[in-house]
Amino acid sequence: MKIITYLMIGMLLLASVMYVSASDKNFDIIVLQGNSLKVGTENNLVTLTINNETSLEFQNVKIYLDLTFPFSKSNKESDQFVIGNLTTIPKGAFFVIDVESGAAYGNYKIPVIVETNRGKYHEEIEIKVIGDTLVSVDDFTINGVKGKTVDPGSIFNLNLRLKNVGGNRLQWLKVTLDTKDPEIIPVSSSLTKTFQDVRTGEYVIANYDLSVGKVIPPKNHIMTLTLTFQDNLGVTYTQSEVLGLKITGTPQLELGRRTTDPTRIMQNQPFILTLKIENIGTTDADNVKLKIESPFLGDSEAYLGKISKNDYANGVFALNSGINSGEIKCKLIVTYNDDKGLQTSEKEYFISINAVPQATLGQMIVGSILPILLLIVIIGGVYIYRKKRKSKKEEYSKEKLVN
């Protein structure tokens, strides 16, 4: 009985370890193009997006497809792709493969080897091999551009060009898009499109106007496309496709409140300028730097670092007004990094400098006469004091002689 108990505990522990290991995924690999390939075709482009799900940074990254029947590489080294450095920013990988003519229809798992400076990691992708009575997603564009990214809070057009790649006419075809997120909704149309009498080799276009919510986080988003169709023999088929949508977001840095200490600045006076920089965009801005161009002397640069969306940071500058006066025009140059690289924006603002009051001619005359008059008064007072003292001494001497 004890042996059975120990065996059951061991099996439970093993199952628990296997579950943790399976859920500990290092890379999320999405098939953006080539997830459905036809039997007997060559030079099929397969595009993958590699997402680093860890907090680590990898170098010398190389992706291999471990191809077995019915897949093979189209040419030398077309089953591998060099990425280089891989951080938390997703990167693409491209492969060219063939599908053997004797392949059975269905879904196939292809092992993916991620070779890095930290070792090798094993993932897998799924590719569907399609046959005669099938529909393919021939083209997929966002606002008319392949692979275009979208921003949170934006409205975009998703255009799908579908093709009857089978040998049979389709009596009808129903296309249903599932965005997989309540923050991605249709603007003015249904997510289901229906087409009648689609002949072999014929194309149909499914258009969707979609809106992305402002709070959705930037990421690689997966949507599901369900194709339901019936051939001329009355057989109904259901086919599922995966569409990748890259939501990136854009930082937007604006100059908010600006303050000076002291509030009223005079000529040739040191002062502290504080500029509030607000990120009202849809994603974070990294490595934010400020530079001011002005006639003032002092510190003209400030480093703010990362400013998250809906947050702010203050740039502080120690300056001297110099001889300038009036409304002084200044330029603020803001540089930062986003998913697209280094960005720069410029803002203009004004600082009021008060002139030091100039003395009038009368004030200057009075200012020069007063010391002279004061000196005369002092000399006169001393003279009178000495004269009175001398007079008293003489009177005292006379009294002494009389006595």
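Each residue in segment 149-168 was checked for being assigned to a loop (DSSP other than H, G, I, E, B) and of a type in the set (S, T, N, Q), and 3 of them qualify. Checking Lys109, Lys120 one by one, the residue that is surrounded by fewer than 14 Cβ atoms within 10 Å (Cβ to Cβ), in contact with an Asp or Glu (Cβ under 6 Å, 6 or more places away or on another chain) and in a strand (DSSP E or B) is Lys109 and no other. State whether the residues of segment 194-209 include one that is surrounded by 18 or more Cβ atoms within 10 Å (Cβ to Cβ), hydroxyl-bearing (Ser, Thr, Tyr) and within 25 Å of Val135 (Cα to Cα). Within segment 194-209, one or more residues are surrounded by 18 or more Cβ atoms within 10 Å (Cβ to Cβ), hydroxyl-bearing (Ser, Thr, Tyr) and within 25 Å of Val135 (Cα to Cα).
Per this entry, Ile280 is not counted among residues that are surrounded by 15 or more Cβ atoms within 10 Å (Cβ to Cβ) and either at pLDDT 95 or above or over 24 Å from Ser325 (Cα atoms) (or both). Return yes when Glu77 is charged (D, E, K, R) and either assigned to a strand (DSSP E or B) or in contact with a His (Cβ under 6 Å, 6 or more places away or on another chain) (or both) and no when it is not. Here the answer is no, as Glu77 does not meet what is asked. In summary, Arg264 fulfils each of the numbered conditions (1) over 30 Å from Val215 (Cβ atoms); (2) touching an Asp or Glu at 6+ places or on another chain (Cβ under 9 Å); (3) basic (Lys, Arg) with the single exception of condition (2). Assess whether Val145 counts as being free of Cβ contacts under 8 Å to residues at least 12 places away in the same chain and either under 18 Å from Gln33 (Cα atoms) or not assigned by TED's automatic domain parsing to the domain that holds Asn220 (or both). Here the answer is yes, as Val145 does meet what is asked.
Take the conditions (1) in contact (Cβ under 8 Å) with a residue 60 or more places away in the chain; (2) surrounded by 17 or more Cβ atoms within 10 Å (Cβ to Cβ); Ile89 misses just one of them, which is (2). When residues in segment 232-285 are screened for being farther than 26 Å from Ile184 by Cα and touching a residue at least 24 places away in the same chain (Cβ under 8 Å), 25 of them pass.
Among the residues of segment 130-140, is there at least one that is outside any strand (DSSP E or B) and surrounded by fewer than 19 Cβ atoms within 10 Å (Cβ to Cβ)? Yes, segment 130-140 contains a residue that is outside any strand (DSSP E or B) and surrounded by fewer than 19 Cβ atoms within 10 Å (Cβ to Cβ).
For the condition at pLDDT below 90 and either acidic (Asp, Glu) or assigned by TED's automatic domain parsing to the domain that holds Ile89 (or both), Asp286 does not qualify.
The values are calculated or read from the model by the stated rules, or taken from the named source; none is laboratory data. The structure displayed is predicted, hence computed values, not measured ones. For neighbour counting, all protein chains shown are included, and Cβ atoms are generated from backbone atoms with ideal geometry for every residue, glycine included.
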